[in-house]
1. How many residues does the range 80-115 contain that are among the aliphatic types (A, V, I, L, M), in a loop (DSSP other than H, G, I, E, B) and either modelled with pLDDT under 95 or touching a His at 6+ places or on another chain (Cβ under 9 Å) (or both)?
2. Within the group Ile637, Ile622, which residue is modelled with pLDDT under 90 and within 19 Å of Gly603 (Cα to Cα)?
3. Of the residues that make up the range 314-321, is at least one modelled with pLDDT under 95 and either β-branched (Val, Ile, Thr) or not assigned by TED's automatic domain parsing to the domain that holds Val258 (or both)?
4. Can you name every residue in the range 89-106 that is over 20 Å from the mean Cα position of the chain (by Cα) and either among the β-branched types (Val, Ile, Thr) or surrounded by fewer than 21 Cβ atoms within 10 Å (Cβ to Cβ) (or both)?
5. Go through the range 60-79 residue by residue and tally those that are closer than 30 Å to Phe415 by Cα and either at pLDDT 95 or above or not assigned by TED's automatic domain parsing to the domain that holds Trp122 (or both).
6. Would you check if there is a residue in the range 555-565 being out of contact with any helix residue (DSSP H, G or I) (no Cβ under 7 Å at 6 or more places or on another chain), surrounded by 15 or more Cβ atoms within 10 Å (Cβ to Cβ) and among the polar types (S, T, N, Q)?
7. Here is a list of conditions, (1) among the hydrophobic types (A, V, I, L, M, F, W, C); (2) more than 27 Å from Gln286 (Cβ to Cβ); (3) touching a His at 6+ places or on another chain (Cβ under 6 Å), and Ala613 meets all of them except one; can you say which number that is?
8. If you check Gly256 against the conditions, is it touching a helix residue (DSSP H, G or I) at 6+ places or on another chain (Cβ under 6 Å) and over 26 Å from Gly140 (Cα atoms)?
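The values are calculated or read from the model by the stated rules, or taken from the named source; none is laboratory data. Since this is a predicted model, take the numbers as computed values, not measurements. Positions of Cβ are generated from backbone atoms using ideal geometry, with glycine treated the same way; all protein chains shown enter the neighbour counts.
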Amino acid sequence: MNSTPQTAASHAVKVRAPELVGRRWMNSGGKELTLADLRGKVVLLDFWTFCCINCLHVLDELRPLEEKYAKELVIIGVHSPKFEFERTVEAVDQAVERYQVEHLVLDDPDLVTWQAYTARAWPTLAVIDPEGYLVATMSGEGHAAGLTEIIEGLIDEHSAKGTLHSGDGPYVPPPAPETDLFYPGKVTRLPSGHLLVADSGHHGLVEYDADGTTIIRRIGTGERGAADGDFASASFSEPGGITVLPDDLAAEVGYGIVVADTVNHTLRGIDLESETVTTIAGTGQQHMVGAIDNVRGKHGELGRYDGPGLDVKLSSPWDVLFVPSTAEVVVAMAGNHTIWSFDPKDGAIRILSGTMNEGLSDGDAESAWFAQSSGLDLDADGQVLIADSETSAIRRLDPVTGEVTTLVGVGLFDFGFRDGPAAEARLQHPLGVRALPDGSIAIADTYNGAIRRYDPHTEEVTTLARGLREPSDILVVDSAAGDGDSSGRGDDPDGGSESSSEAELLVVESASHALTRVRLPKDAQTVDEGALTTKRPSTEIASGPVSLSVSFTVPAGQKLDDRWGDPTFLQVSATPPELIVSGDGGAEGLNREIVINPDLDGGVLHVTARAAACDGEPGGEIPLHAACHLYQQDWGIPVDLADSAPNELNLDLRGT
């Protein structure tokens with residue numbers, strides 16, 4: 001689901017765009033639409049699913065386009081689910097509202113339109129001209145410039161032909177709910193005992209009293225933005241995780257709170273005394289869009305960056321956690337599947353663990369794989385607990401070495417609702433994790449609407465509560481009063497003496513726009529509703545030798561960045577690993593011979609392709625200050641083995 005382009009530009013033979021078929025239309029005022037209804041408009045289809053961080057990046061890339069071309073362009077988000085929860089009507093409604101999707105949405109739970117357009121990855125984009133012909137497709141993010149060129153070309157062409165109809169489109173904005181919180185994300189306890197909540201949907205933060213019932217003050221304008229300043233004028237964009245610095249460190253650096261300002265791709269520092277907000281890390285641009293020379297390694301990958309935090313592009317930081325043993329803030333960098341560490345004293349930031357490959361792979365800092373890590377906490381031993389949402393996993397990370405191990409979870413496409421031994425247990429896209437006073441771990445199992453518990457002594461998973469609406473974070477509070485938080489977010493992680501049965505959890509119930517108290521039961525439930533695997537159309541291939549190739553065409557006005565050798569790179573793996581007999585691993589180039597195990601019926605091929613290019617003319621030198629671009633696409637391709645199937649698999653990173 002990570003990503004970059006695949007462009008199938010103008011077709012020698014015009015191809016009619018397949019009809020748009022799904023369960024229902026959203027943001028259309030209740031009207032059912034067909035492609036015929038959209039004739040005369042440039043139509044942009046965005047195949048997305050709301051669990052996918054790269055899809056959320058594309059939503060933000062499309063906002064300027066839908067504003068600039070409001071009279072000529074109709075954007076349709078075709079929601080194509082990965083997780084079972086994402087198939088439900090309520091969940092899709094909430095996602096469209098949560099992420100403030102201001103265009104039409106076609107709900108396609110059975111992937112009918114997805115298959116018609118032969119989509120293989122989230123996100124995938126398709127452009128349809130005003131006469132109903134498919135003119136371009138591309139996978140991944142980072143296509144704003146290319147889409148602008150295509151859209152303007154179609155507007156010019158069809159204006160001249162008289163086939164463009166300028167005017168208002170069929171989008172009908174829904175009414176916004178009026179609630180104190182709007183899809184809140186994370187919560188922490190302040191030294192004062194008050195609560196600080198990331199009011200993500202309102203693009204700000206809210207300070208509550210100790211009980212979480214009375215609003216003390218708001219931080220931010222409530223409008224999407226990125227301005228520093230006082231609390232009344234500062235702005236955020238869907239802020240997430242919050243962590244509290246120790247008093248002495250806060251006095252030294254001038255702020256006591258660090259916030260993951262997710263959609264702004266920055267970390268923000270908040271000083272509650274002076275009521276000011278400052279940017280402390282990130283340029284405000286997402287990495288992989290624009291110049292990335294300061295972090296790019298030989299193959300265009302992110303490299304082991306370690307340097308000034310304000311000089312590097314970040315990618316959707318989702319949660320933050322101060323770690324006493326290192327005196328640094330660990331950052332769950334969901335947008336590129338890595339874990340970073342920020343030093344408030346000198347403002348430096350570094351990659352702590354991860355490779356940017358999306359998946360579940362344990363190991364040291366330079367070999368571990370993560371998948372959209374979204375929740376952090378400290379366990380009793382000072383290790384970092386991670387809710388790794390896209391692998392439906394809970395991981396444990398050494399904050400000094402970056403080595404990671406998995407406690408619960410199997411892989412990128414395996415999920416469910418099953419308690420029992422950790423090796424057999426299943427979660428569904430957890431966003432939060434919290435160490436409990438008795439040493440066990442509470443999990444905000446978001447898409448299951450549950451609070452689960454992992455016991456590290458018995459290695460068993462049980463269920464503490466069910467029936468919640470997208471729980472995204474957890475705080476441990478004293479059941480007798482509103483204070484006494486025993487979490488590791490702002491106080492001593494070993495603080496608090498109550499047993500599990502004497503404590504309550506304060507749950508950020510995101511889709512209910514509320515903070516909800518949940519009493520910890522004396523006896524947890526054991527639930528088994530099954531283990532599931534993401535269901536998508538399979539590709540048939542032959543067993544034995546298979547030629548894998550990825551095409552890449554350098555966009556106009558760019559040239560391959562060959563200053564460090566071959567600027568292309570291919571990583572191949574499989575689930576199960578034994579699906580590939582030989583040819584797996586990473587190497588330069590975009591062609592690979594692999595051997596598929598004939599003793600299996602099928603599995604999932606995981607393919608990551610990268611290519612680096614910079615602005616400049618082919619054959620010429622790359623200008624000194626040229627903008628450089630990293631093109632990347634991750635595919636997870638279910639395959640079935642058949643004797644009569646092709647012995648080749650062709651993919652497009654960016655083709656024209």
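1. Number satisfying all stated conditions: 1.
2. Going through Ile637, Ile622 in turn, the sole match is Ile637.
3. no
4. Val89, Glu90 - these are the residues of the range 89-106 that are over 20 Å from the mean Cα position of the chain (by Cα) and either among the β-branched types (Val, Ile, Thr) or surrounded by fewer than 21 Cβ atoms within 10 Å (Cβ to Cβ) (or both).
5. Qualifying residue count, the range 60-79: 4.
6. There is at least one residue in the range 555-565 that is out of contact with any helix residue (DSSP H, G or I) (no Cβ under 7 Å at 6 or more places or on another chain), surrounded by 15 or more Cβ atoms within 10 Å (Cβ to Cβ) and among the polar types (S, T, N, Q).
7. Of the numbered conditions (1) among the hydrophobic types (A, V, I, L, M, F, W, C); (2) more than 27 Å from Gln286 (Cβ to Cβ); (3) touching a His at 6+ places or on another chain (Cβ under 6 Å), the odd one out for Ala613 is (2).
8. When the stated conditions are applied, Gly256 passes them.
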